[in-house]
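Have a look at the structure below before the remarks.
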Amino acid sequence: AYSIINNLYYILANYNIVGIIYFMSFGCGIDSVLFEIIKNIAEVKNLPIINIVIDEHSGYIGYHTRIEAFLDMIEWRIMNENNISTYGKSLYSSERIV
């Protein structure tokens, strides 16, 4: 887990990252803790993040659709709404957007 966090900080410092796609095998164990840490880093950096849980019952099309929608959201955010975070909070006030 330590090396994953270090690699994330290296990537964020050296590349132009516009979002994070996090794949985990199940929603328990170290992956769930690691995802919370990465989610907090993404929020501080104002980066959108998606968590995709992979198991034997999930189909390829479901993953494809979620990733495609996530990428569309990033593109829309860059082109149209760069003053609203993906966490539903305005960047200019402490009020939550409903």
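Please treat every number below as a calculation from the coordinates, not as lab data. Please read all numbers here as calculations on a predicted model, not as lab measurements. Positions of Cβ are generated from backbone atoms using ideal geometry, with glycine treated the same way; all protein chains shown enter the neighbour counts.
Can you tell me what percent of all Cα-Cα pairs in segment 1-79 are more than 14 Å apart?
Working: 2028 of 3081 pairs.
When all Cα pairs of segment 1-79 are counted, 66 percent exceed 14 Å.
The loop-placed trypsin sites (Lys or Arg not before Pro) in segment 1-70, going by DSSP, that have at most 16 neighbouring Cβ atoms within 10 Å of their Cβ come out as 45.
The length gained on full extension between residue 26 and residue 7, counted as 0.36 nm times the residue separation minus their Cα-Cα distance, comes to 4.7 nm.
For a quick check of your reading of the filter: which chymotrypsin sites (Phe, Trp or Tyr not before Pro) in segment 1-75 sit in a DSSP loop and have no more than 13 other Cβ atoms within 10 Å? Could you put the intermediate results ahead of the total?
Details: sites: 2, 9, 10, 15, 22, 23, 26, 35, 60, 63, 70; in loops: 15, 26.
Here the sparse-neighbourhood loop sites are 15, 26.
With the simple spin-label model, which puts each label point 7 Å out from Cα in the Cβ direction, the residue 78 to residue 14 separation comes to 2.1 nm.
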